Structures are given as structure tokens and as C-alpha cells.
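Take a look at the structure below.
The values are calculated or read from the model by the stated rules, or taken from the named source; none is laboratory data. Fair warning: this is a prediction, and the values are worked out from it, not measured in the lab. Using ideal geometry, Cβ is built from the backbone for each residue, glycine included, and neighbour counts are taken over all protein chains shown.
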Amino acid sequence: MKITVLSGSARKGNNTLRVAKAIKKIYLETTIIDYQEYDIPSFSDQYIVLGQETSFQKELIEAVDSSDLLIVLTPEYNWFPSAEVINTIHQLAGNTYKHIFDNKVVATVGVSTGRGGRMPAVQLGYVFNKIFNVFDLNSITSPRTFEAQEVTKCIDSEGNLLDNEKFNDGFKAFIDYSLKVAKRWHATS
């Protein structure tokens with residue numbers, strides 16, 4: 001089972017990377033795409049051109065394409081996913097790159113230093129369901145989302161889970177559940 005985690009914040013020292021590293025510590029076969037290297041042009045300015053992708057774009061596209069389980073992490077900015085995650089979807093969820101989203105299980109996580117995270121995770125689930133429907137892809141969004149709340153009190157900068165039993169249990173249960181859904185999905189597809 002190959003997991004790709006999109007750590008969807010371009011801010012330096014962001015908290016989505018803490019969560020991505022924690023996932024990799026639980027499941028070693030995880031590729032992290034760190035959005036601190038993000039260079040996707042604004043959808044209104046230009047398109048990613050097939051065969052002319054930058055190294056970040058190529059790594060992102062290849063990682064998503066080769067994954068069985070795609071976990072999309074986004075910080076919550078005013079109850080919405082990050083602009084970078086939204087722009088990634090705008091750029092790649094079209095005819096040229098739609099194949100990278102085929103035969104996937106997508107799980108979503110909202111990351112917050114406070115008590116947020118739910119809304120962007122749920123919104124991304126809606127968007128991915130729409131992509132799967134419009135392009136008739138053999139994919140599914142996991143029905144379980146995760147709210148990584150108060151993340152700086154729960155995960156250190158290296159991805160180590162701190163002494164917060166409730167958070168740790170919920171986080172591990174989310175990862176286990178997402179893997180179970182992906183294994184079942186790929187066993188029947």
C-alpha cells in the first residue's frame with residue numbers, strides 16, 4: 001500500500017508538515033509532498049504544461065499517480081482549505097491530468113493550531129467526489145475525515161506524537177481506518 005500525503009501549506013514552519021511527518025512515522029511507505037516547495041502557477045495566469053512540469057510539479061504528479069491512498073492535509077484559513085491546495089486541484093483535475101486521481105482512495109485532514117479543521121476537510125471531500133463523478137473515475141473519498149486540532153500541543157516539529165492520549169488515539173484510528181478503506185477498495189477494484 002503506497003500512501004502520498006500532500007502537506008498543503010506553503011508557509012515556512014507550517015503545521016501540516018508536523019502531521020505529515022507523524023503519518024510517515026506510523027506508516028513508513030509514505031511519500032510527503034511538502035508544499036513549502038510549491039510553485040504551481042495561479043490558475044488564472046497559466047496552466048501546467050504536460051512534459052514541461054517543474055521538479056515540484058513532476059514529483060507531485062508522480063506521487064499522486066502512483067499512490068493507493070492520497071491523504072490531503074490542509075490548514076484551515078477562514079474555514080476554507082489553503083489556496084495552494086485549491087489551486088492544485090484546479091490545475092490537475094482536468095483532462096490532461098485526471099488519470100492521476102483514478103483508482104484512489106482520498107482521505108482529508110484539516111489542520112489547526114486552535115479548534116478548527118473540520119470545514120476544509122469536509123469541503124475537500126465534496127470537491128474530490130465531484131471530480132470522481134465528472135470524470136467517471138474509479139475512486140472514492142474516505143467517509144472519515146480528521147481534525148488535527150491544537151496540533152502544536154499534540155505533535156512536535158519532527159512528527160512525534162506528544163503526550164495527548166485522546167489526540168493520539170483519534171489520529172491513529174484515522175490512519176488505520178484510511179488504510180483499511182484503501183485495502184478494501186483496491187482488493188475489489
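Hey, any hits in region 11-30 for a residue that's under 19 Å from residue 86 (Cβ atoms) and in a strand (DSSP E or B)?
There is no residue in region 11-30 that is under 19 Å from residue 86 (Cβ atoms) and in a strand (DSSP E or B).
A Cβ distance below 9 Å, combined with a sequence gap of six or more or placement on separate chains, defines the contacts here; from region 159-183, residues that are loosely packed, with under 14 Cβ neighbours inside 10 Å reach residues that are of a type in the set (S, T, N, Q) and at pLDDT 95 or above in the pairs 162/168.
Please tell me if residue 82 is on the phi < 0 side of the Ramachandran plot, surrounded by fewer than 14 Cβ atoms within 10 Å (Cβ to Cβ) and touching a residue at least 40 places away in the same chain (Cβ under 8 Å). For residue 82, the condition - on the phi < 0 side of the Ramachandran plot, surrounded by fewer than 14 Cβ atoms within 10 Å (Cβ to Cβ) and touching a residue at least 40 places away in the same chain (Cβ under 8 Å) - is not met.
The residues on offer are 103, 133, and the sole one that is surrounded by 13 or more Cβ atoms within 10 Å (Cβ to Cβ) and over 24 Å from residue 37 (Cα atoms) is 103.
Hey, among 61, 48, 3, which residue is of a type outside the set (Asp, Glu) and either over 28 Å from residue 155 (Cβ atoms) or at pLDDT below 95 (or both)? Reasoning before the result, please.
On the way: 61 fails: either over 28 Å from residue 155 (Cβ atoms) or at pLDDT below 95 (or both); 3 fails: either over 28 Å from residue 155 (Cβ atoms) or at pLDDT below 95 (or both).
On inspection, the qualifying residue turns out to be 48.
The residue of region 106-121 that is surrounded by the fewest Cβ atoms within 10 Å (Cβ to Cβ), among those that are of a type in the set (A, V, I, L, M, F, W, C) and touching a Ser or Thr at 6+ places or on another chain (Cβ under 6 Å), is 121.
Just wondering, is there one or more residues in region 55-77 that are surrounded by fewer than 16 Cβ atoms within 10 Å (Cβ to Cβ) and touching a Ser or Thr at 6+ places or on another chain (Cβ under 6 Å)? Within region 55-77, not a single residue is surrounded by fewer than 16 Cβ atoms within 10 Å (Cβ to Cβ) and touching a Ser or Thr at 6+ places or on another chain (Cβ under 6 Å). Count of region 5-14 residues, restricted to those that are surrounded by fewer than 22 Cβ atoms within 10 Å (Cβ to Cβ) and either of a type in the set (Phe, Trp, Tyr) or out of contact with any Asp or Glu (no Cβ under 7 Å at 6 or more places or on another chain) (or both), is 4.
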